[in-house]
Amino acid sequence: MEPLTVPADDVLAELEQLAVEVALEAGRLVVDERPVDLGVSRTKSTATDVVTVMDQRAQDLLRSRLREARPGDGFLGEEEGGTDRESEITWVVDPIDGTVNYLYAIPSYAVSVAAVVGDPTTPGAWRPVAGAVVNPMTGELFHARLGAGAWLRRGEGEATRLVIGEPPALGHALTGTGFGYDAGRRLWQARVLVDVLPHVRDIRRIGSAALDICAVAAGSLDCYFERGLNSWDMAAAWLVLAESGGLFTGLGETAPDPSMAVGAAPGLHAHLEALVRRAAEAAGSE
Ligand code: LIP
C-alpha cells in the first residue's frame, strides 16, 4: 500500500471546518425539505423514491460546495462512485446515513462528511484525516481532525472534547450493531447475534452506523460491531472515535472494512473483537 501523506495541521483544520460547514448545510436541507407526509406514505414506493431524491439532493449539495472550495480533491458518495483527484484528499460522504429512520421520521440519522487520504475504494488503503457527523434532528455535531481530538457540539452550545471513558467488562457492555438489507446477510448477522447477545449487557440497533460509532466516542454506547459498512458509512465517525481514544478496526489487526468493523475503548476492544470473530467463524459463510 502506498504510504499515506497527511497534510499539515493548518490544512487539516481547514478541512475539518469545511466538513462541519457543508455537513450542517446538508443537514438543514434534508430536514427543511423533507415532505411532511413522507412517513405517512411510507407504504408507497413513492416514499422510498422521495428518500432517494433527498439523498441525491443532499449529495449534490455536498459535492457542489466541496468542489467549489477545493476543486482538486476527489469525491466519493453513497450515491455515486469515486472521481479523480489532483490533491491527496478525497471527500467521502454519506448524505443520509440511516435512511430508514429518515423515512419513518425517527430522529436518528446523520450527514457524514470525511476528508480521507489514500484510496477509499480499496479496503485498508485509506484513512480519514478530518470529518464531521451531524444529526440534523438533535443538533448534535461530532467533528475531528487527525491529532487534534474529537469534539461534540449540541446546537449553538460550546463544543466539548470527547475522551472515551474506562470501559465496563464485556458482560456489562451496551453494544451497538446493525443489519444489512439483503436477506442472506441478515440471516448471517442473526446467527452472529445469537452468539454475541448472551455475553454483553444488551444490544442497541440505532440504524445509523455513523451515529453508532460516534455514540461509542461519546459514551452512550460502550462498543459497536457491524458487517457490511461502506467507507461512507464509517469514514468520519471512525476519526471521531479514534480521536476520542477509542479503537476502530476490522477483525484481527486489520483496518475496518465491509467484512467487519469493531469499535470500543482499548480495554474492551480486544474482548469484543474476539467474541465477534468467534461468532463470525461459527456463523460460517453467508
Ligand atoms: C445504514 C447503516 C446502518 C445499517 C443500516 C443501513 P443507510 O446505512 O448506517 O449501520 O445497519 O442497515 O445500512 O443505508 O441508512 O445509509
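Nothing in this text is a laboratory measurement; each read-out follows from the coordinates by a stated rule. Note that the structure is a prediction, hence the values are computed from the model and not measured. Positions of Cβ are backbone-derived with ideal geometry, glycine not excepted, and every protein chain shown enters the neighbour counts.
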Given the conditions (1) more than 16 Å from the ligand (Cβ to nearest atom); (2) farther than 24 Å from Ala19 by Cα; (3) surrounded by fewer than 24 Cβ atoms within 10 Å (Cβ to Cβ), report the number of the one that Leu268 does not fulfil. (3)
Quick one: which strands (runs of 3 or more DSSP E) lie wholly within segment 106-159 and hold at least 3 residues that are within 17 Å of Ala217 (Cα to Cα) and in contact with a helix residue (DSSP H, G or I) (Cβ under 7 Å, 6 or more places away or on another chain)? 110-118, 126-135, 140-145
Of the criteria (1) surrounded by 13 or more Cβ atoms within 10 Å (Cβ to Cβ); (2) more than 9 Å from the ligand (Cβ to nearest atom); (3) farther than 16 Å from Leu272 by Cβ; (4) small (Gly, Ala, Ser), which one Ala217 fails: (3)
Those residues of segment 164-185 which are within 16 Å of the ligand (Cβ to nearest atom), within 19 Å of the chain's Cα centre (by Cα), assigned to a loop (DSSP other than H, G, I, E, B) and not hydroxyl-bearing (Ser, Thr, Tyr), in sequence order: Gly178, Phe179, Gly180
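Residues checked against (1) part of a helix (DSSP H, G or I); (2) of a type in the set (Ser, Thr, Tyr); (3) over 15 Å from the mean Cα position of the chain (by Cα):
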{"residue": "Leu251", "(1), (2), (3)": "no, no, yes"}
{"residue": "Thr254", "(1), (2), (3)": "no, yes, yes"}
{"residue": "Val262", "(1), (2), (3)": "no, no, no"}
{"residue": "Leu275", "(1), (2), (3)": "yes, no, yes"}
{"residue": "Ala282", "(1), (2), (3)": "yes, no, yes"}
{"residue": "Ser285", "(1), (2), (3)": "no, yes, yes"}
List the residue pairs whose Cβ atoms are under 6 Å apart, where the first residue sits in segment 224-244 and is more than 13 Å from the ligand (Cβ to nearest atom), the second is assigned to a helix (DSSP H, G or I), and the two are 6 or more positions apart or on different chains. Val240/Cys214; Val240/Ala217; Leu241/Ile213; Leu241/Val216; Leu241/Ala217; Ser244/Ala217
Which residues, taken from segment 111-140, are surrounded by fewer than 19 Cβ atoms within 10 Å (Cβ to Cβ) and out of contact with any Gly (no Cβ under 9 Å at 6 or more places or on another chain)? Thr122
